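The values are calculated or read from the model by the stated rules, or taken from the named source; none is laboratory data. In this text the structure is predicted, and so the values were computed from the model without any measurement. No Cβ is skipped: glycine too gets one built from the backbone with ideal geometry, and neighbour counts run over all protein chains shown.
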Amino acid sequence: MNNFVNTLRAGPDENGRFGEFGGMFVSETLMPLILELNNQYENAKTDPLFWTEMDDLLKNYVGRPSPLYFAERLTKHLQGAKIFLKRDELNHTGAHKINNVLGQILVARRMGKSRIIAETGAGQHGVATATVCARFGLKCIVFMGKTDVERQSPNVFRMRLLGAEVIPVTSGRGTLKDAMNEAMRDWVTNVHNTFYCIGTVAGPHPYPAMVRDFQSIIGREAKEQLMEAEGKLPDTIIACIGGGSNAMGLFHAFLDDHSVNIIGVEAGGMGVDDRMEHAASLTGGRPGVLHGNRTYLLQDEFGQIIEGHSISAGLDYPGIGPEHSWLHDIKRVDYVSVTDSEALDAFQLCCTQEGIIPALEPSHALAHVMKIAPNLEKDHILLLNMCGRGDKDIFTVANALGEGLDD
């Protein structure tokens, strides 16, 4: 683990804040557990035995390092920047999520917790949590919005095969926000034996920093791989953002490399306008408090949280990780949005040009690549985090394209 220094990569501060964002907005019941978790994680970070176990599992169980792939046909098709994909969809379980889950569950074991709970939207975090719980013989409960249970049925079946109990959440729109609400209610009730494995860089401190640290292997690997392949850093790096863990995983290693342009892509849904049928909280939201931290949120005029919308179940969270909010405000990262239809176009292009079926989440980032790559020089290196594979999304895409899979 890298020692943090006084740079952009050094946050958060001692209060768990990235500027005005982050913090620990939790009930008195949870505060002792949060403080214990922080202490346990700080101890784990400096324990060689922890990292020996973690590194072994990442190599031999997850399959890291994930490849860096030159997307030659996509590059030729767009006739501009040289496009590389960081292939984290090739990890065991099919996404970046397992990097973080492994770390958190190793911390949970150090704390003596035998019951693991998690929230999930697209299902990839739920699958990763169920997988690692099966590996270590831990009880696993996954909260998932009813809407997402229906549109992500392959992942629901995978979780149950792995021994997890999947609890559909019917409140709200039955999506990721609602699943996280129920998980936090469960956590308050069962603090004595339960560890909450949060899937993104959100929640009360230390979760945003801890999840980022476990995911930062993505950017560290990519930096080393690109230096070996091209002899230089990328000119632009890009990733999709819901809560933002895959993006922080890629971005973190490059924050102090000011020659590197960094772009985060939010879910623009039906378009970022007054209808609010989107999940672009940095574009259409304002600061507030949700799920234990202060960050940018989609809110109405009375401060009530507005449900996010995206064709991607993993991007429709109505907020964003607090570190992203800080990076947005200090203008280190450019945040843009991409609509459902643009993401669908990018999904299809990746399939036909590269023989890679991407998840709908990174398809949003790829859609922005399609916009900017043709206008960049051919020696401009553009790196995209391919954070998930699209097996889970084939029914959603088929319905959107009018292709009935049951025909």
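Tabulated data for the structure shown
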{"item": "Helices (runs of 4 or more DSSP H) enclosed by segment 326-407 - at least 2 residues per element that are under 21 Å from GLY314 (Cα atoms) and without any contact (Cβ under 8 Å) to a residue 40 or more places away in the chain", "result": "340-354, 394-400"}
{"item": "In segment 295-307, residue surrounded by the fewest Cβ atoms within 10 Å (Cβ to Cβ) [restricted to those that are out of contact with any strand residue (DSSP E or B) (no Cβ under 7 Å at 6 or more places or on another chain) and either under 22 Å from ASP329 (Cβ atoms) or charged (D, E, K, R) (or both)]", "result": "GLU301"}
{"item": "Residues (in contact with a Phe, Trp or Tyr (Cβ under 9 Å, 6 or more places away or on another chain) and modelled with pLDDT of 95 or more) located in segment 386-396", "result": "MET386, GLY390"}
{"item": "Selection count where residues are charged (D, E, K, R) and either surrounded by fewer than 20 Cβ atoms within 10 Å (Cβ to Cβ) or under 20 Å from ASP235 (Cβ atoms) (or both), scope segment 76-111", "result": "6"}
{"item": "Cβ-Cβ under 7 Å pairs, at least 6 apart or on other chains, segment 57-85 side part of a helix (DSSP H, G or I), far side among the charged types (D, E, K, R)", "result": "LEU58/ARG64; ARG73/GLU354; LEU74/GLU354; THR75/LYS82"}
{"item": "Residue identified as touching a His at 6+ places or on another chain (Cβ under 8 Å), farther than 27 Å from LEU383 by Cα and of a type in the set (A, V, I, L, M, F, W, C) among ALA134, ALA179, ALA183, ALA118", "result": "ALA118"}
{"item": "Filtered residue count, segment 43-73, keeping only those that are under 24 Å from LEU360 (Cβ atoms), over 22 Å from the mean Cα position of the chain (by Cα) and surrounded by fewer than 22 Cβ atoms within 10 Å (Cβ to Cβ)", "result": "3"}
{"item": "Elements of type helices (runs of 4 or more DSSP H) contained in segment 124-243, each with 1 or more residues being hydroxyl-bearing (Ser, Thr, Tyr) and either modelled with pLDDT under 95 or buried (at least 24 other Cβ atoms within 10 Å of the Cβ) (or both)", "result": "124-136, 146-151, 153-161, 176-189, 207-215"}
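Table: residues versus (1) farther than 27 Å from PRO234 by Cβ; (2) modelled with pLDDT of 95 or more; (3) among the acidic types (Asp, Glu).
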residue: LEU8; (1), (2), (3): no, no, no
residue: PRO12; (1), (2), (3): no, yes, no
residue: ASN15; (1), (2), (3): yes, no, no
residue: LEU49; (1), (2), (3): yes, yes, no
residue: LEU57; (1), (2), (3): yes, yes, no
residue: TYR61; (1), (2), (3): yes, yes, no
residue: PRO67; (1), (2), (3): no, yes, no
residue: ALA71; (1), (2), (3): no, yes, no
residue: LEU74; (1), (2), (3): no, yes, no
